[in-house]
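Here's the structure we're looking at; comments come further down.
Each value in this text was obtained by applying a stated rule to the coordinates, not by laboratory testing. The structure displayed is predicted, hence computed values, not measured ones. No Cβ is skipped: glycine too gets one built from the backbone with ideal geometry, and neighbour counts run over all protein chains shown.
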Amino acid sequence: MPLSDRERQILNEIEDALATEDPKFASKVATLPRSAEQTRLRYGIAGFVVGVLMLLAIVFHILWGFAGFVLMLVSAVVVLNQLKNLGNDRALDLGGQIKGGFARYMEGRRKGTDQAD
């Protein structure tokens, strides 16, 4: 279901406010993972699938099964490392944003209590 003009306008205002308030966070949220990371992830998944098929080929020869197992293991390590790296990049940025937001919140609270006194 498409957004109405008013909804699009509200989303654009929110996006502009976010970009004005914290441009670093806005750019991180707006960017997709780099193509090299996506390529490694795709190759890792494809390698795992090929490894499973090779493991099933153990019926024909034991070396095919062993090679399939090794390929599955290497592919699984590649995929998990890529997912971990993608998660760490996002988590570190988000962690910094949360800490910065909390610090700004507490600063505002201190200013508010100082003014009330």
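So, R0 is 22 Å and r is the distance between the beta-carbons of V50 and V77; what FRET efficiency does that work out to, to 0.05? It comes out at approximately 0.90.
Evaluate E = 1/(1 + (r/R0)^6) for V70 and K28, where r is the Cβ-Cβ distance and R0 equals 35 Å; express this FRET efficiency to the nearest 0.05. Spell out each step's value before the answer.
Values: r = 37 Å, r/R0 = 1.05.
Step by step, r from the Cβ atoms, then E = 0.45.
Given a Förster distance of 35 Å, report the FRET efficiency between L18 and R40 from their Cβ-Cβ distance, rounded to the nearest 0.05.
0.70
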